[in-house]
Amino acid sequence: MDAALARAWIAAVAGSVTAHAAELTDLDAAIGDGDHGVNLRRGFDAAVAALAAFEADTAGAVLTKTGTTLVSKVGGASGPLYGSFFRALGKTLTDDPDAVADGLRAGLDAIVRLGKAAPGDKTMVDALGPAVDAYAAAAPSGFASAAAAAATAAAEGAAATTPLQARKGRASYLGERSIGHQDPGATSTALIFAALAGLG
């Protein structure tokens, strides 16, 4: 991944988040604060604006800047979580093509450390974990194949949160009433990987 691809990824995410903002907000209104779509749209729009004024010659620098911007601009839990993901990914990337898989793993680890969520807790980890595993497994076949595999795994992981009872975050306060709703964080994670796959 080079700087141009990293910039294109963040721009694609921003476009997708804008297109799906209402859906994300509706999902969050059912089991959270109802602001996930609005917050993410603000954050990724801010990231695109920040990158437009930012000279970087590496993908790592682009994604680290993205993460820092998300932390400062996005309200709620998603800002620190996604910000930590992109910063950890950015700091891990090198010129080695295999570094993307390592960076995604570092991003997942950062989110788990911060949010203390495990698979099955009905959070973004339920989409992100499978996506990271799928990317790593398909990485020997090249970026396009790995990104596509990650996007599919993230979408399936997000859908699989619907029957779960939330054990972390605001949704956990609802207990059994959280069952039957797809997790908004897992859904936005799937959008992020779908945007990456679209560049393959």
ask   = How many nm is it between the label spots at Lys91 and Ala53, if each spot is 7 Å from the Cα in line with the beta carbon?
value = 2.5 nm
query = Counting only protein heavy atoms, what percent of the accessible surface of the stretch 86-200 is carbon or sulfur at a 1.4 Å probe?
reply = 54 percent
ask   = For the chain, what is the mean residue ellipticity at 222 nm derived from helices alone (per DSSP H run of n ≥ 4: -39500 (n - 2.57); sum divided by total residues; nearest 500 deg cm²/dmol)?
value = -22500 deg cm²/dmol
request  = Scan the chain and note any complete DSSP helix (H) whose C-alpha atoms cover at least 18 Å along its axis and whose Kyte-Doolittle average is 1.0 or more.
outcome  = 3-19, 143-159, 184-197
note = tail above 18 Å in the computed P(r) of the stretch 117-200, as % of all Cα-Cα pairs, reads 39 percent
remark   = Among Arg41, Arg113, Arg105, the residue with the largest mean-square fluctuation in a Gaussian network model of the chain built from Cα contacts under 10 Å is Arg113
request  = Leaving out ligands and nucleic acids, note down the accessible area per residue over the stretch 49-154 with a 1.4 angstrom probe, in whole Å².
outcome  = 41 Å²
request  = Sort out for me the Cα centre separation of the stretch 119-190 from the stretch 21-63, rounded to whole Å.
outcome  = 18 Å
ask   = For Ala88, what is the net charge nearby, where nearby means another residue's Cβ is under 14 Å from its Cβ and Lys, Arg count +1, Asp, Glu -1?
value = +3
ask   = Which percent of Cα-Cα pairs in the stretch 45-114 sits in each 10 Å bin, short to long?
value = 24, 50, 25, 1
Ala137 paired with Gln165, simple spin-label distance in nm, labels 7 Å along Cα-to-beta-carbon = 2.9 nm
query = To the nearest 0.05, how large is the calculated FRET efficiency for Ala4 and Asp102 if R₀ is 25 Å and r is the Cβ-Cβ distance?
reply = 0.75
key: Magnitude of the charge dipole, the chain, Cβ model with Lys/Arg +1 and Asp/Glu -1, debye to 20   = 520 debye
ask   = For the stretch 92-165, rounded, prolate or oblate, judged on the Cα gyration tensor with a ≥ b ≥ c (square roots of eigenvalues), a/c < 1.5 rounded, else prolate if a/b > b/c?
value = oblate
query = If you put +1 on each Lys and Arg Cβ and -1 on each Asp and Glu Cβ, how big is the dipole of the stretch 117-200 around its Cα centre, in Debye rounded to 20?
reply = 220 debye
key: Highest-MSF residue in the chain out of Leu63, Leu24, Leu114 [GNM, Cα springs under 10 Å]   = Leu114
message = Just to be sure I understand: with springs between alpha-carbon atoms less than 10 Å apart, which residue in Asp121, Asp28, Asp57 has the highest mean-square fluctuation in the Gaussian network model of the chain?
response = Asp57
query = So how exposed is Leu191, as accessible area in Å² (1.4 Å probe, rounded to 10)?
reply = 30 Å²
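The values are calculated or read from the model by the stated rules, or taken from the named source; none is laboratory data. The structure presented is a predicted model; accordingly, all values stated were derived computationally and were not measured. Glycine also receives a Cβ, built like all others from the backbone with ideal geometry; neighbour counts cover every protein chain displayed. For the accessible areas, the whole protein counts, side chains as well, though only heavy atoms, and no ligand, DNA or RNA atoms are used. Shrake-Rupley method; radii C 1.70, N 1.55, O 1.52, S 1.80 Å.
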